[in-house]
Amino acid sequence: MLLSTFLLEAVLISLSGVVAPGPVTAVTVSKGTKSPHAGAIIALGHGIVEIPFMVLVLYGFSEILKITYVKAIIGLLGGMVLFKMGLDLLKGIKSEKMIHLMIHILL
């Protein structure tokens with residue numbers, strides 16, 4: 001893969017993260033009002049996580065992800081994480097403050 005092709009793909013994939021706001025955007029907005037350096041610090045932290053994945057993709061890590069049992073392990077681990085997050089959310093609803101927050105979000 002040519003470096004220019006790889007960089008173009010990285011930009012296009014990253015653009016999808018910028019267009020659809022998520023947790024990084026929410027943290028940037030909330031912390032950005034408190035510090036002029038918040039955006040740079042958050043971007044640096046995100047880059048520390050993202051750059052190794054880009055390097056792995058560049059060197060063909062996607063071939064490993066095509067192996068059936070690797071996909072199964074990733075799916076099971078991801079499912080367990082989502083299940084745990086759901087349980088934690090349900091446990092948090094017990095508090096009255098969380099109930100009011102959920103009602104406010106739903107309405």
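Per-residue answers, yes or no, for (1) basic (Lys, Arg); (2) assigned by TED's automatic domain parsing to the domain that holds Leu2; (3) at pLDDT below 80; (4) not in a helix (DSSP H, G or I):
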site: Ser35; (1), (2), (3), (4): no, yes, no, yes
site: Ala40; (1), (2), (3), (4): no, yes, no, no
site: Ile51; (1), (2), (3), (4): no, yes, no, no
site: Asp88; (1), (2), (3), (4): no, no, no, no
Problem set entry | Filtered residues of the range 1-33 (kept if under 13 Å from the mean Cα position of the chain (by Cα) and not in a helix (DSSP H, G or I)) | Ala20, Pro21, Gly22
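The values are calculated or read from the model by the stated rules, or taken from the named source; none is laboratory data. What you are looking at is a predicted structure, and each value in this text was computed from that prediction instead of being measured.
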